[in-house]
1. Give me the residue from the range 101-121 that is in contact with a helix residue (DSSP H, G or I) (Cβ under 6 Å, 6 or more places away or on another chain) and at pLDDT 85 or above and, out of that set, nearest to residue 57 (Cα to Cα).
2. Can you give me the ranges of the helices (runs of 4 or more DSSP H) entirely in the range 98-206 with at least 2 residues that are free of Cβ contacts under 8 Å to residues at least 40 places away in the same chain and within 24 Å of residue 86 (Cα to Cα)?
3. For the condition modelled with pLDDT of 70 or more, in a helix (DSSP H, G or I), farther than 19 Å from residue 142 by Cα and out of contact with any Cys (no Cβ under 9 Å at 6 or more places or on another chain), what is the one hit in 16, 43, 3?
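The values are calculated or read from the model by the stated rules, or taken from the named source; none is laboratory data. The structure presented is a predicted model; accordingly, all values stated were derived computationally and were not measured. Quick reminder, even Gly has a Cβ in these numbers, built from the backbone with ideal geometry, and neighbours come from all protein chains shown.
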Amino acid sequence: EIIQSRQLNQKGADVIEKQLRFEFVDTLNSMVIGWAINSSMIILAAATFFAGKIAVTELGQAQAILQPMLGRAAAVVFGGALLMAGLSSSVTAGMAGGSIVAGMSGEPYDPSDNHTRLGIIMTLLGALLIALVITNPFKTLIFSQIALSIQLPWTIVLQILLTSNPRVMGKYANNTPDRVFLWTTTVVVSGLNVLLLVDTLRNLLR
């Protein structure tokens, strides 16, 4: 959204290529940091719950991951981490919703524009309504991840088709090696998501 809102396509090839390099570095760093955080969470959870054969039935139990390191402060740190994660997700979701509605209106993302604001409000209001009606946050979290696992392959496929289309991307469209790598990754990710979905549903239906 940030790149789109700058209207770089109107500033010449040199500016576009410079910004794309910065965007690549920014995205790569973000993905690596996200991978490190998620990996740490999985490792800590495995060491705490799986090794101890503890069945997790509610979200509050997750603070036990931090108990060995932080003691009584674990609950505070875990709560703060959840709050920060929620704020980050809300901001990202709002920007995505605003970008979609703005794009449907043929406009760039611009928080001062009514179309962008409408998308942001619709997204956040929808999330708020869901939060008000859920009764079991733990199960809701699980089902949200199931929904994401179903949605993710479709998103990847559409992104590859879009970025590989010369009519859309011009000379910046994916080349053949890129497409081979991207489609291979898509098959692997989709396969893993299907396995995860089947395993999760099997456990829930027991």
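1. 120
2. On the way: elements: 114-133, 137-163, 166-169, 176-204.
By residue number, 114-133, 137-163.
3. From the options 16, 43, 3, the qualifying one is 16.
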